[in-house]
């Protein structure tokens, strides 16, 4: 499935770029998973040492094995949910608008969009040693005070993204201004149509 | 003395397995439905299913020798003294 299938494109709208969080961000859940996966081994080593895992009561023995299985399945699905959450968050920038698609847990999804003409300012920030080395950070798109700002977190090349959004916003404003300028040409036709209508109604 | 067959331990395990299957399906469907019907999405789903299958297989191997139906005494209950 391509990005274009994630939203309905307006006529003449073109996807300029899409943004996901930097892959390094996913290292956190990987490390958590590895630590959680090592806990039963650590516990076995501490409690039983090198001796085989045999408990005195058969119920305890079987129960412990089933419990360990449940534990591993739980952390495995937790890890996969983290991946789904990471992978399904996406920001799409077209030549007309910005879309922020966010996966909220397993059963929640929010989609917000902002017309590029309403972009007032764009702020990009790289903070910390690792983000500076790997060139990722936050891009905040500021709109009118009454509206919520758009924030793209942990995206690659934030300064370049800011520059590109500003360029696209300027282009979109120019395009919109051109459309407004073209409108008066249509006005005489509209006025003639109005006069005809008044004549038809016997008012002219 | 109370005795129970070890198969009773499989009841909570089966309940957990049901929940796990539900969440696993929800995850895979979310990935497919919301834009990850591509190599990465398919690969992630494949790895997840393989991982889950390996865990279940190892569990089954570790409890393969268990006689699930023979009742096992839980603990000796002392006879009431009068």
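So here's what we get for this one:
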item	result
Peptide A:63-70, shielding by other chains (average Cβ, 10 Å cutoff)	6
Burial order of peptide ranges A:168-174, A:31-37 (average beta-carbon count within 10 Å, highest first)	A:168-174, A:31-37
Distance in nm between pseudo-label sites at residue A:31 and residue A:43 (7 Å out along the Cβ direction from Cα)	2.3 nm
Cα gyration tensor, region A:22-148 - rounded (a/c under 1.5), prolate or oblate	prolate
C-alpha long axis of helix B:10-33 to longest principal axis of chain B, angle in °	10 degrees
Cβ-based exposure ranking for A:70, A:126, A:46, in which fewest neighbours within 10 Å come first	A:46, A:126, A:70
Prolate/oblate/rounded call for chain B, Cα gyration tensor, a/c under 1.5 rounded	prolate
Sorted peptide list for A:92-99, A:128-135, B:26-33, criterion being average Cβ within 10 angstrom, highest first	A:92-99, B:26-33, A:128-135
Average partner coverage of B:52-65, which counts Cβ from other chains inside 10 Å	3
Cα centroid separation - region A:60-127 against region A:155-169, whole Å	22 Å
Highest average packing first - A:102-110, A:17-25, Cβ atoms within 10 Å	A:17-25, A:102-110
Average partner coverage of B:24-34, which counts Cβ from other chains inside 10 Å	5
Two-site label geometry, residue B:61 and residue A:174: point separation in nm, points 7 Å out along Cα→Cβ	6.5 nm
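Each reported figure results from applying straightforward, stated rules to the coordinates on display, with no laboratory input. Fair warning: this is a prediction, and the values are worked out from it, not measured in the lab. Here the Cβ is made from the backbone with ideal geometry for all residues, glycine too, and neighbour counts use every protein chain on show.
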